[in-house]
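J.: Take this structure, written in structure tokens, and hold onto it; I'll ask about it next.
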Amino acid sequence: MTSGSTVTSALVIGGAGFIGSHLVERLLADEVAVDVVDDLSHGSLGNLADARNAAGTLKIHHLDAGSAECAALIGMRRPDVIYHLAAVPRSRSTGELSRAFATTMTVVDAARHHGVAKIVTAIPASAIYGRPASKDVPVKERPLEPRGVRGVVARATVDLLEAARDLDAVEFTALALGTVYGPRQRPDGGVVAAFADAARSGEAAVIRGDGRQTRDFVFVDDVVDALGRAGVKGSGLVINVGTGVATPVREVWQQVSGAASPDPVAEPAPIDELLRFAVSPVRARIHLGWAPWTDLSDGVAQL
């Protein structure tokens, strides 16, 4: 499969999760045959309800992606693209992160052995660019400078994919995602979902620090569009996926909650909290033909 060719089959690791389930729907709509691999530790079959009722070829496999059974599935299916959406979990547990990297090694090895053309993965942008100065925000892609254990695992994932590309011609694209939000996100999965859950219950949200720290909030539909494009474009690159807009967390609570909601409850910010962060989407425009189109108010309205 070369850049510009058509994807006809895909295997989505983490396909029952928040982002993964939206991606599965997009692939099915594009008439791609999809295999979902998910151990359901974080995902849910309920997230795939619409996909299971949609037209197209969908197979769901309740498997650990690091298992021999998953490697055998990759060999049997030989998909055009593997979408690995579980490479860097949200957890800060070194045990869970080390298991995730071991899983990635197994997936990459299976792809190499069975001639899979491309792997597309997602990594957290906020963990791979160090602590950028305000003048450098929005951050462009630059040499990776991991921040914390998640950042180390993200960089190691990219290094592993680069090695597979050099040694075995397995292409890759690594999308460095901003703060993704949207329908189906669990309250413990992101700040916007947590705010929406608090607003629905009439409770005060919890904000770490003073709420002036900024993030790049990007809607899940926009992210899925970038993932779909990365199946055939952007090979060999780390590509930022975000809006380029640094939005204060407190402003997000105001948009989600409305004027009548209680003031947020402040908790101490973690020691490694980034005060200002957003990513530049310029490379995505050039190499994927992608740009975000959902502004924050429209995205919040869809929640």
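J.: Would you point out the residue of the range 161-178, among those that are of a type outside the set (Gly, Ala, Ser) and open to solvent by less than 40 Å² (accessible area, probe 1.4 Å), that is farthest from Pro132 (Cα to Cα)? Give the derivation first.
T.: Start the filter on the range 161-178 by keeping residues that are of a type outside the set (Gly, Ala, Ser), which leaves 161-162, 165-168, 170-173, 175, 177.
Filter again for open to solvent by less than 40 Å² (accessible area, probe 1.4 Å), leaving 161, 170, 172-173, 175, 177.
On the way: Leu161: 25, Val170: 32, Phe172: 26, Thr173: 23, Leu175: 19, Leu177: 16 Å.
In this case the residue turns out to be Val170.
J.: Report, by residue number, each residue of the range 8-51 that is in contact with a helix residue (DSSP H, G or I) (Cβ under 8 Å, 6 or more places away or on another chain) and charged (D, E, K, R).
T.: Within the range 8-51, Glu25, Arg26, Asp30, Asp35, Asp38, Asp50 meet the criteria.
J.: Quick check on this structure: which one of Gly66, Gly43 is open to solvent by 20 Å² or more (accessible area, probe 1.4 Å) and either over 19 Å from Thr8 (Cα atoms) or modelled with pLDDT under 95 (or both)? Show your work before the answer.
T.: Numbers: Gly43 fails: open to solvent by 20 Å² or more (accessible area, probe 1.4 Å).
Just a single option satisfies the conditions, and that option is Gly66.
J.: Related question: Out of the residues in the range 254-287 that are touching a Phe, Trp or Tyr at 6+ places or on another chain (Cβ under 7 Å) and closer than 21 Å to Asp222 by Cα, which is surrounded by the fewest Cβ atoms within 10 Å (Cβ to Cβ)?
T.: Val256
J.: List the residue pairs whose Cβ atoms are under 6 Å apart, where the first residue sits in the range 184-212 and is crowded, with 21+ Cβ neighbours inside 10 Å, the second is charged (D, E, K, R) and part of a loop (DSSP other than H, G, I, E, B), and the two are 6 or more positions apart or on different chains.
T.: Short answer, once both residue conditions are applied: none.
Yes/no matrix, rows are residues, columns are (1) open to solvent by 20 Å² or more (accessible area, probe 1.4 Å); (2) of a type in the set (Gly, Ala, Ser):
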position: Gly15; (1), (2): no, yes
position: Ala29; (1), (2): yes, yes
position: Ala33; (1), (2): yes, yes
position: Ala49; (1), (2): yes, yes
position: Arg52; (1), (2): yes, no
position: Thr57; (1), (2): yes, no
position: His62; (1), (2): yes, no
position: His84; (1), (2): no, no
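J.: Something else: Could you check the range 124-183 and list, in sequence order, the residues that are in a helix (DSSP H, G or I), among the aliphatic types (A, V, I, L, M) and within 15 Å of the chain's Cα centre (by Cα)? Even if it seems obvious, please write down each step before you answer.
T.: Here is the first cut: in the range 124-183, the ones in a helix (DSSP H, G or I) are 125-127, 134-136, 148-168.
Still in the running and among the aliphatic types (A, V, I, L, M): 125, 127, 149, 152-154, 156, 158, 160-161, 163-164, 167.
Within the range 124-183, Ala125, Ala127, Val153, Ala154, Val158 meet the criteria.
J.: Scan the range 104-125 for residues that are open to solvent by 30 Å² or more (accessible area, probe 1.4 Å) and over 19 Å from Gly14 (Cβ atoms) and report the count. Walk me through it before giving the result.
T.: Step one: filter the range 104-125 for residues open to solvent by 30 Å² or more (accessible area, probe 1.4 Å), giving 105-106, 109, 112-115.
Then drop every residue that is not over 19 Å from Gly14 (Cβ atoms), which leaves 112-115.
Matching residues across the range 104-125 total 4.
The values are calculated or read from the model by the stated rules, or taken from the named source; none is laboratory data. Computed from a prediction, not measured in an experiment: that's the story for all the values here. Counting neighbours? That spans all protein chains shown, and the Cβs are built from the backbone with ideal geometry, glycine included. For the accessible areas, the whole protein counts, side chains as well, though only heavy atoms, and no ligand, DNA or RNA atoms are used. Shrake-Rupley method; radii C 1.70, N 1.55, O 1.52, S 1.80 Å.
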